[in-house]
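Each remark here refers to the structure printed beneath this line.
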Amino acid sequence: MQYPEPIAKLIDNYTKLPGIGPKTATRLAFYTLGMDNEDVESFSKSLISAKKDLTFCDTCGMITEKDMNPCIICRDKSRNQGTVFVVENSRDVMAMENTRDYHGLYHVLNGVISPSAGTGPEDINLPSLVRRLSEHEEIKEVIVGTNANAEGEATAMYLARLLKPAGIKVTRLAHGLSVGSDIDYADELTLIKAVQGRTEL
Amino acid sequence: MGENAQGKTNLLESIYVLALARSHRTSNDKDLIQWQQKETTISGRVHRRTGDLPLSLNFSNKGKKARVNHLEQSKLSQYVGQLNVILFAPEDLELVKGAPTIRRRFIDMEFGQMNPLYLYHSAQYKKILKNRNAYLKRLQLGQTKDTVFLDVLTEQLVDTGSQVILARQAFLKNLELAAQPIHTEISNQQEKLTLKYQSSVDLSENTNIDQIKSQFLESLRQQYQREKSQGSTALGPHRDDVQFWVNGKDVATFGSQGQQRTAALSVKLAEIHLMQQETGEYPVLLLDDVLSELDASRQTHLLLAIQDKVQTFITAPSLSDVAKQLIHAPKVFHVKQGQITVE
C-alpha cells in the first residue's frame, strides 16, 4: 500500500531537512494535514520568502532583507567602527549579539577554509574582508571567533598571517573552562587548554 | 571450542567491540549488524576492583549508543576505557614483518586505549594531513598560488605531528622496558630485544618537543618542491615505522620466522603489563586461534605469563596438550552454529 501522491511528496520533502528520517517525516506530514489552512499557508509562504527576500549583506556577509543592504548592523554608526568580529555564520552573530556586551562590527565568512571539502581561502567571504579593511583604516582590531576545531583554527591562523603585516591587531577568542562549570567535570583537553591560556591575577 | 565457521571469533569480537566500540575486523559498523536486521545490542557486566559495572552498546542505522551503568554517554571517549581488552590473533604474528601500516595501527589502537590525549592528537593529525594533501593537490594543479595557507597547514601539521611523535617514542620506550625481560626469558637468555622508532623526520638525538618541531618543519621545507610536484605530504608520523631489533640486528630482515614470532609475542605480553600499570587492572585477553600457531615452548611462555592473573578467552578447534597441562580448571564452552553450551 502506497500513500497518495500529495502526502508522499510532503514526506519526501521533510526528509530533506537535517536530522529528519522517514519516520519523523511521516509524523510531521500527518501533523501538517491536521493544521489550520491559514497556518499551513503562512508556513509555505515563509519558506518561499526566506529564500526570495533574503540576501547576504554586501559589506559584512550576514543575512539581511533585500531592501536592507547594507545590513542593520553595518548601518548603525553608533557602533564601535574600530573593531570587527569575524565569525563562521550568521547564527554566530546572533549568539554574540545576545551577550549585549559587544558593540563593534561583524564580518561573516559563511564557511571555513577546508581544502579536503573543496573550500579554499577564496571560496569563503574572505577577500571581501581584506578589501573592507583596506578601505576602512579606522578598523584597528580584528577578533577571530571561528570554531575551536582544526579548520576553524587554520582559518584563524591564516587571517592572522594575512592581516598582521598591515598593522592590524588580530586577536583570537580564548579556550578553556566554561563559566559556572566544575573543574572535575571538564575533559582533559579543555583543562590543558585552560592551563595554557591562564591569566595572572 | 568448535569447528570452523561456527561463531567462535564472533564471540570474541563481541567482547572486543563492547570494550572499544569498534571492531578490529571492519571499520564499517553496519557490518556488525546481522543481515536483514536493523540493529544490534551487546551488553556485558564488567567485574572491576571497585565493583560491577554494566556496559551496553547499541548499533543501528542511526549510529551507536553507549551506556555505562544504564546511563547513556554523550561522548564515546567517556565509554572507551571502561573495559580494557587485548586481542591476539594470528595476524598479530605479522606485527614484525608485515607492512608499516600494521605497526602504526597497533600503536594507535593500543596506546589510544590508555591515553585519551594521544587519541585526540592522532585524530587531529589525520584531519590536518587530509586538508594539507588536498591543498597541495590544488597547488599542484595550479588551482591556487596562495602559499600562505599552506604555511598555516604546515604549522598545524608540525604542532600536532610532533606531539604524536613524542608520545609514540615515550610509549615505545615503556613497551620496550616491559618486553625485554619477557623476550629474554622466551629465548632462554639468548636474545635481547630493542624497539626503534623509525621516523621519517630526522630526529637523531632530538627528544624534546621544540627540537622535534623545528626539525620536522625544516625537513618539510626541504621537501617542498617534491611535495608540490606530487601533491601530497612527504613525511611525518603517518610515514613512520617501528623496527624490532634482536641482538643488534633488524629481525624483519635478518631474523628467522621463529624470532619474529617471539618478538611479536613478547610485545603483546608486554602490553598486558603496561595496561596493568596504566590502569591498575589487568585487561581481558582474547586469544583468537593463536595457540595452534605457536610451538610448545612459546605456548608454555604465553600461558605461564597469564596464568591465574589475566582473564582470558581462548578459541581453538581443540585444546593442545600444553594448554591442557597449564590451564587450571578451564571453563570449556562449545560453539556450534552460533549456539554456546557449557561443557
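I'm trying to understand the selection: among the residues of the range A:115-159, which are within 27 Å of B:Leu141 (Cα to Cα) and of a type in the set (A, V, I, L, M)?
The answer is A:Ala117, A:Ile124, A:Leu126, A:Leu129, A:Val130, A:Ala150, A:Ala154, A:Ala156, A:Met157, A:Leu159.
Return yes or no: is A:Ser42 among the small types (Gly, Ala, Ser) and at pLDDT 95 or above?
yes
All but one of (1) within 13 Å of chain A (Cβ to nearest Cβ); (2) touching a residue at least 60 places away in the same chain (Cβ under 8 Å); (3) of a type in the set (Lys, Arg) hold for B:Arg49, so report the exception by its number.
That leaves (1) as the condition not met.
Against the condition part of a loop (DSSP other than H, G, I, E, B), within 14 Å of chain A (Cβ to nearest Cβ) and modelled with pLDDT under 85, how does B:Gly112 come out, does it pass?
So B:Gly112 does not fit the description; no.
Could you count how many residues in the range B:63-92 are surrounded by fewer than 11 Cβ atoms within 10 Å (Cβ to Cβ) and either within 14 Å of chain A (Cβ to nearest Cβ) or within 14 Å of B:Arg22 (Cβ to Cβ) (or both)?
3
For the range A:53-62, state whether one or more residues are of a type outside the set (Gly, Ala, Ser), within 30 Å of B:Gly63 (Cβ to Cβ) and either out of contact with any strand residue (DSSP E or B) (no Cβ under 8 Å at 6 or more places or on another chain) or in a helix (DSSP H, G or I) (or both).
Within the range A:53-62, not a single residue is of a type outside the set (Gly, Ala, Ser), within 30 Å of B:Gly63 (Cβ to Cβ) and either out of contact with any strand residue (DSSP E or B) (no Cβ under 8 Å at 6 or more places or on another chain) or in a helix (DSSP H, G or I) (or both).
Pull up the range A:135-152, narrow it to residues that are among the hydrophobic types (A, V, I, L, M, F, W, C) and more than 14 Å from chain B (Cβ to nearest Cβ), then point me to the one that is nearest to the chain's Cα centre (by Cα).
A:Ile143
What is the number of the single condition among (1) over 30 Å from B:Gln299 (Cα atoms); (2) part of a helix (DSSP H, G or I); (3) acidic (Asp, Glu) that B:Asp52 does not meet?
So B:Asp52 meets the others, but not (2).
Within the bounds of the range B:116-127, is there any residue that is at the interface with chain A (Cβ under 9 Å from one of its Cβ atoms), of a type in the set (A, V, I, L, M, F, W, C) and surrounded by 17 or more Cβ atoms within 10 Å (Cβ to Cβ)?
Looking through the range B:116-127, none of the residues is at the interface with chain A (Cβ under 9 Å from one of its Cβ atoms), of a type in the set (A, V, I, L, M, F, W, C) and surrounded by 17 or more Cβ atoms within 10 Å (Cβ to Cβ).
Please enumerate the residues belonging to the range B:224-258 that are touching a Leu at 6+ places or on another chain (Cβ under 9 Å) and among the hydrophobic types (A, V, I, L, M, F, W, C).
Answer for the range B:224-258, where residues must be touching a Leu at 6+ places or on another chain (Cβ under 9 Å) and among the hydrophobic types (A, V, I, L, M, F, W, C): B:Ala234, B:Leu235, B:Val242, B:Phe244, B:Trp245, B:Val246, B:Val251.
If you go through the range A:113-134, how many residues are buried (at least 20 other Cβ atoms within 10 Å of the Cβ), within 14 Å of chain B (Cβ to nearest Cβ) and among the hydrophobic types (A, V, I, L, M, F, W, C)?
Selection size over the range A:113-134: 3.
For residues in the range A:187-201 being away from chain B (no Cβ under 14 Å) and of a type in the set (D, E, K, R), which is farthest from B:Leu150 (Cα to Cα)?
So, considering only residues that are away from chain B (no Cβ under 14 Å) and of a type in the set (D, E, K, R), the one farthest from B:Leu150 (Cα to Cα) is A:Glu200.
Give the residue that is farthest from A:Tyr106 (Cα to Cα), with candidates limited to residues of the range A:153-186 that are more than 10 Å from chain B (Cβ to nearest Cβ) and in contact with a strand residue (DSSP E or B) (Cβ under 9 Å, 6 or more places away or on another chain).
A:Lys164
Could you list all residues from the range B:128-163 that are touching a Pro at 6+ places or on another chain (Cβ under 9 Å), at the interface with chain A (Cβ under 7 Å from one of its Cβ atoms) and among the charged types (D, E, K, R)?
If the condition is that a residue be touching a Pro at 6+ places or on another chain (Cβ under 9 Å), at the interface with chain A (Cβ under 7 Å from one of its Cβ atoms) and among the charged types (D, E, K, R), then B:Lys130, B:Arg138, B:Asp146 are the ones that fit.
The values are calculated or read from the model by the stated rules, or taken from the named source; none is laboratory data. It should be emphasised that the depicted structure is a prediction, and the values quoted were computed from it without experimental measurement. Positions of Cβ are generated from backbone atoms using ideal geometry, with glycine treated the same way; all protein chains shown enter the neighbour counts.
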